[in-house]
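Here is the structure we will look at, set down as structure tokens.
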Amino acid sequence: MKPRHFLTLLDLNPSELKQVIERAVELKALRKQDSEDKTLPGKVLGMIFEKSSTRTRVSFEAGMAQMGGSALFLSSNDTQLGRGEPIADSARVLSRMVDIVMIRTFGHDIVETFAQHSTVPVINALTDDYHPCQLLADMQTYWEHRGDIAGKTVSWVGDGNNMCQSYINAARQFDFKLNIACPEGFEPDSELMALNKQRIELFRDPKQAVANSDLVVTDTWASMGQEEEKLAREKAFTGYQVNEELMSLANSDALMMHCLPAYRGLEVSETILDQDDSVVWDEAENRLHAQKALMEFLLAQH
């Protein structure tokens, strides 16, 4: 039986995505009650990191431990991938030794090639094009605080990066409208926008994009690997900071999210993350619960 993979949100249908999020909410409640079942005893997760991360490593590794399994951390220095072994060969070998694999890397073609040759489920834990695990956490967070996001308006403010492109897929899978505010030259993939043109609208003015929104989302302006562009990007994104003034244009009960790490004073104001009603910390925690639910789902299908 061919394994199910999770490389973008489109790999699960809307009903399956809802199932995963409902299970994530359940797992979160069970953890708070200290009554979790060890649903993945003896299972081993291989974690391949070509891009470092705090939240991704801790959430996946802790998640497997909490479910009775274990996780192996493999950096570029720890695998033959970093020494030029073909991705297909690494996939064939590693998938004979572990039960599920997550990969955090640069090119999206790397996870696609790995999944094509893997005999176990593969999870995209971030590529330059997509970050679907973060979207599971974001959708769980919205569900917990405001209910179903279907029919709502979401505004993305900032770079048309992997998070923005995952929000485009989310608009399709979770049935919401997406306003994208970004400077000229920083748009998401043109083909992806064309495929979803009925659900998205592009703005140059963040104020217009955020008006009457139910959720406002942003991310760092310079992602990992773009450090040399940092100063140029800061100049290009002048006026794109998500702050209290911008949020005042959204609906009165609108939420603000950021996948972290945040650069206070740049893409977000110094104070907005610390407001009493901030859900950013719930959003970060929900990486743990959403990914546990995702791993359960994929392994149950395998």
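Taken together, P261, P206 contain a single residue that is surrounded by 19 or more Cβ atoms within 10 Å (Cβ to Cβ), in the same structural domain as D159 (by TED's automatic domain parsing), closer than 19 Å to C164 by Cα and touching a helix residue (DSSP H, G or I) at 6+ places or on another chain (Cβ under 9 Å), which is P206. For the stretch 42-56, the criterion of being under 24 Å from L10 (Cβ atoms) and among the basic types (K, R) is satisfied by at least one residue. For the stretch 70-98, a residue qualifies if it is in a loop (DSSP other than H, G, I, E, B) and either at pLDDT below 95 or in contact with a Ser or Thr (Cβ under 9 Å, 6 or more places away or on another chain) (or both), and the qualifying residues are T79, G84, E85, P86, S95, R96. Considering only the stretch 74-99, state which residues are free of Cβ contacts under 8 Å to residues at least 60 places away in the same chain and of a type in the set (D, E). Scanning the stretch 74-99 gives D78, E85, D89. Can you spot a residue in the stretch 105-121 that is within 30 Å of I149 (Cα to Cα), assigned to a helix (DSSP H, G or I) and among the charged types (D, E, K, R)? Yes: the stretch 105-121 contains one or more residues that are within 30 Å of I149 (Cα to Cα), assigned to a helix (DSSP H, G or I) and among the charged types (D, E, K, R).
Being within 23 Å of T127 (Cα to Cα) and aliphatic (A, V, I, L, M) is the filter here, so list the residues in the stretch 25-48 that pass it.
Of the stretch 25-48, the ones within 23 Å of T127 (Cα to Cα) are 44-48.
Correct list: V44, L45, M47, I48.
Does R55 fit the bill of being crowded, with 16+ Cβ neighbours inside 10 Å and over 21 Å from H302 (Cα atoms)? Yes: the conditions hold for R55.
When the residues of the stretch 97-132 are filtered to those that are of a type in the set (S, T, N, Q) and under 18 Å from the mean Cα position of the chain (by Cα), which remaining residue is nearest to P41 (Cα to Cα)? Once the filter is applied, the top-ranked residue is N124.
With respect to S166, is the statement that it is outside the structural domain of R233 (by TED's automatic domain parsing) and of a type in the set (G, A, S) true?
Numbers: outside the structural domain of R233 (by TED's automatic domain parsing): no; of a type in the set (G, A, S): yes.
Spelling it out, it is not the case that S166 is outside the structural domain of R233 (by TED's automatic domain parsing) and of a type in the set (G, A, S).
Among the conditions (1) of a type in the set (D, E, K, R); (2) surrounded by fewer than 23 Cβ atoms within 10 Å (Cβ to Cβ); (3) outside any loop (DSSP other than H, G, I, E, B), the only one that E270 does not satisfy is (3).
Kindly indicate the residue of the stretch 28-52 that is among the charged types (D, E, K, R) and part of a loop (DSSP other than H, G, I, E, B) and also surrounded by the fewest Cβ atoms within 10 Å (Cβ to Cβ) among those meeting that condition. Applying the filter and picking the extreme gives D34. Counting only strands (runs of 3 or more DSSP E) wholly contained in the stretch 153-240, the ones carrying 1 or more residues that are within 17 Å of the chain's Cα centre (by Cα) occupy 153-157, 177-181, 215-218. Candidates are the residues of the stretch 198-256 that are closer than 21 Å to Q275 by Cβ and of a type in the set (S, T, Y); the one that is modelled with the lowest pLDDT is T220.
Please determine whether any residue of the stretch 278-301 is among the small types (G, A, S), part of a loop (DSSP other than H, G, I, E, B) and in contact with a strand residue (DSSP E or B) (Cβ under 6 Å, 6 or more places away or on another chain).
Here is the first cut: in the stretch 278-301, the residues among the small types (G, A, S) are 278, 284, 290, 293, 300.
From what is left, the residues that are part of a loop (DSSP other than H, G, I, E, B) are 278.
From what's left, in contact with a strand residue (DSSP E or B) (Cβ under 6 Å, 6 or more places away or on another chain): none.
Within the stretch 278-301 (the criterion being among the small types (G, A, S), part of a loop (DSSP other than H, G, I, E, B) and in contact with a strand residue (DSSP E or B) (Cβ under 6 Å, 6 or more places away or on another chain)), the answer is no, since none of the residues qualifies.
Restricting the first member to the stretch 56-73 and to residues that are over 20 Å from T127 (Cα atoms) and without any contact (Cβ under 8 Å) to a residue 40 or more places away in the chain, and the second to residues that are of a type in the set (S, T, Y) and surrounded by fewer than 16 Cβ atoms within 10 Å (Cβ to Cβ), no beta-carbon pair is closer than 6 Å while six or more apart or on different chains. It is to be established whether one or more residues within the stretch 8-27 are at pLDDT below 95 and either surrounded by fewer than 14 Cβ atoms within 10 Å (Cβ to Cβ) or under 20 Å from W143 (Cβ atoms) (or both). Within the stretch 8-27 (the criterion being at pLDDT below 95 and either surrounded by fewer than 14 Cβ atoms within 10 Å (Cβ to Cβ) or under 20 Å from W143 (Cβ atoms) (or both)), the answer is no, since none of the residues qualifies.
The values are calculated or read from the model by the stated rules, or taken from the named source; none is laboratory data. As the structure is a computational prediction, the values presented were derived from the model and not from experiment. Cβ: placed from backbone, ideal geometry, glycine included. Neighbour counts: every protein chain shown.
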